Amino acid sequence: MVLTVLAVYLALVLGLGVFGHRLFRGTGEDYFLASRSIGPFVLVMTLLGTNMTAYTLLGASGESYQRGIIVFALMGSSTALLVPFLIYYLGIRAWRLGQRHGHVTQVQLVRQRYGSDSLGLLLFSVVVALMLPYLLIGVKGAGDALTILTGGAGQGLPGWVGSLAVCAVTYVYVSYGGMRSTSWVNALQTTVFLLFGVVAYVAVMSEFGGVEAAMERLRAEQPAMASFGSGRFSALQMASFLLLPLCTGAFPHLYSHWLSARSAESFRLAIVAYPLLVAATWFPSVTLGAVGRLQFDPPLDGPVLVKLIVANTGEVVAGCLAAGVFAAIMSSLDSQILALGAMFTQDIVKHYGFHGTLREDRQVWFGRLFVLAFLAATFLCSLVASQSIFALGTWALTGFAGLLPMLAATLFWQRATAAGAAASILSAASLWTGFFLDSLDAAGPYSVGGTGLMPVAVIVPAAALALVAGSLVTRPASVRR
């Protein structure tokens, strides 16, 4: 029954994606940005779906199983506040410049702003490198979830089946319909995982006598898991995690969705509704993860959220959860790979290989080929990835947060120079690499020098300082606005 429900859902997703192709205009801009025609409702749903990955559903619940409900304070609250701020200040500004100059990617914005090909190539390289662990979150999460839903390790389907399925389905509708199909499918999938998340939450909590009864039992049996002041995170760790949502301002896939908006007014609904939708996603995930300690003793093999559903509901609800998990994963994966395809086509093939003269239909085909190649590489990496979903996600978010100072300056600071931007990118990339390599030998959660300070709290200020210093010691080029 689980596989039946999941198969029906995947067929519906494919059908909607194929239907989006009926409006395809055959141009590169239509394929990558839906001809900048996305309205308010689809925009807010696709922005939420793109940002709410397996990191939120599976990673956050898994971390709260280990640490307690305090995990909500790590990122859930700051995400609800910071992301609308970034959409308002960066999203609308990026949209206006994109309309004026015909930008399709972040690299085009940076290259046009600073007049530097080498800077654009540097940004492309760093973004592609950071996207691999971020895509791994979804691909690995799909495999882990399907294994538990079909019987667990040794009995259920192997993880590679779920990983391959999510890659294949996503590739079909992205390659066939581009941004329009991606946005429509994301609106559907965001609705699905929000609704199914509520159903799963109510179903599991009812088995514990309701939310209040479950939390009272948690406070009685494991008080540290139910406390926001449990001491499981130091003050430095808490402050560091609050910086991670800054990464959303540097995501290439969110940038693509910003540019796809029909008008500046399309952003209003997203700014107002986003905090409520984030709370509706994070709160059930974190709460269920903590309550999982009442039923399962650590160590736990597999996502706690999935195990709770399997143990406390019937196969139909479990199948709906499977659909919800796959919806959350694909609603991020599709936008991510489409943005990468756009960057490869526009910023490498068209810019260097065809000097801006690449035919419209060829742009689409190059985008499809790069999407296929990158998805295949991600799938192969998922077969050997060993870090947890939460750990993978945290590292990916850290890297993108380090790019925000440069991108914010590109949009707003006229004194910023190409040298300053390059220094900012290189400082963020080098620090990220150093911290990541150092973390491979860490026995538990990694912090800088064991102080509790997360790498993001060092990388973001360092990138900002490098930007300012590099810009002030060099002469700015003429700025086109």
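The values are calculated or read from the model by the stated rules, or taken from the named source; none is laboratory data. Quick caveat: nothing in here was measured; it's all calculated off a predicted structure. No Cβ is skipped: glycine too gets one built from the backbone with ideal geometry, and neighbour counts run over all protein chains shown. Protein only, heavy atoms only, side chains kept; ligands, DNA and RNA dropped before computing areas. Shrake-Rupley method; radii C 1.70, N 1.55, O 1.52, S 1.80 Å.
Contact annotation: residue pairs with Cβ atoms under 7 Å, 6 or more positions apart or on different chains, pairing a residue in the range 189-204 that is more than 16 Å from L6 (Cα to Cα) and open to solvent by 10 Å² or more (accessible area, probe 1.4 Å) with a partner that is among the β-branched types (V, I, T) and not in a helix (DSSP H, G or I), are A203/T313. Contact annotation: residue pairs with Cβ atoms under 8 Å, 6 or more positions apart or on different chains, pairing a residue in the range 290-314 that is in contact (Cβ under 8 Å) with a residue 40 or more places away in the chain and among the basic types (K, R) with a partner that is in a helix (DSSP H, G or I) and surrounded by 15 or more Cβ atoms within 10 Å (Cβ to Cβ), are R293/Y65; R293/L218; R293/M225; K307/I148; K307/G292. Looking at the range 369-389, is at least one residue more than 22 Å from the chain's Cα centre (by Cα), part of a helix (DSSP H, G or I) and touching a residue at least 60 places away in the same chain (Cβ under 8 Å)? There is no residue in the range 369-389 that is more than 22 Å from the chain's Cα centre (by Cα), part of a helix (DSSP H, G or I) and touching a residue at least 60 places away in the same chain (Cβ under 8 Å). Restricting G353, G399 to those that are in contact with a Pro (Cβ under 9 Å, 6 or more places away or on another chain) and over 30 Å from L149 (Cβ atoms) reduces the list to G399.
Take F24 and tell me if it is surrounded by fewer than 20 Cβ atoms within 10 Å (Cβ to Cβ), modelled with pLDDT under 85 and either over 27 Å from P133 (Cα atoms) or out of contact with any strand residue (DSSP E or B) (no Cβ under 7 Å at 6 or more places or on another chain) (or both). When the stated conditions are applied, F24 passes them. Of the residues making up the range 411-438, those that are touching a residue at least 12 places away in the same chain (Cβ under 8 Å) and part of a helix (DSSP H, G or I) number 18. Test of understanding: among T394, T398, T345, which residue is more than 30 Å from L453 (Cα to Cα), hydroxyl-bearing (S, T, Y) and crowded, with 18+ Cβ neighbours inside 10 Å? Going through T394, T398, T345 in turn, the sole match is T345.
When you look at Y352, is it closer than 30 Å to D117 by Cα and assigned to a helix (DSSP H, G or I), yes or no? So Y352 fits the description; yes.
Summed over the range 91-107, residues that are open to solvent by 10 Å² or more (accessible area, probe 1.4 Å) and assigned to a helix (DSSP H, G or I) total 7.
For the range 297-317, the tally of residues that are surrounded by fewer than 24 Cβ atoms within 10 Å (Cβ to Cβ) and in a helix (DSSP H, G or I) stands at 7.
Candidates are the residues of the range 434-460 that are open to solvent by 60 Å² or more (accessible area, probe 1.4 Å) and more than 22 Å from the chain's Cα centre (by Cα); the one that is modelled with the lowest pLDDT is A443. Could you run through the range 108-158 and say how many residues are of a type in the set (G, A, S) and open to solvent by 30 Å² or more (accessible area, probe 1.4 Å)? Residues flagged as of a type in the set (G, A, S) and open to solvent by 30 Å² or more (accessible area, probe 1.4 Å) within the range 108-158 amount to 7. The residues of the range 166-179 that are open to solvent by 30 Å² or more (accessible area, probe 1.4 Å) and over 18 Å from the mean Cα position of the chain (by Cα), listed by number, are A168, V172, Y176. Scanning the range 1-58 for residues that are polar (S, T, N, Q) and under 16 Å from the mean Cα position of the chain (by Cα), we see that the one that is farthest from G292 (Cα to Cα) is T46.
A search for C-beta distances below 7 Å between a residue of the range 140-153 that is on the phi > 0 side of the Ramachandran plot and any residue that is surrounded by fewer than 24 Cβ atoms within 10 Å (Cβ to Cβ), counting only pairs 6+ apart in sequence or on different chains, returns G152/G302. Among the residues of the range 412-425, those identified as hydrophobic (A, V, I, L, M, F, W, C) and open to solvent by 10 Å² or more (accessible area, probe 1.4 Å) are F412, W413, A418, A419, A422, A423.
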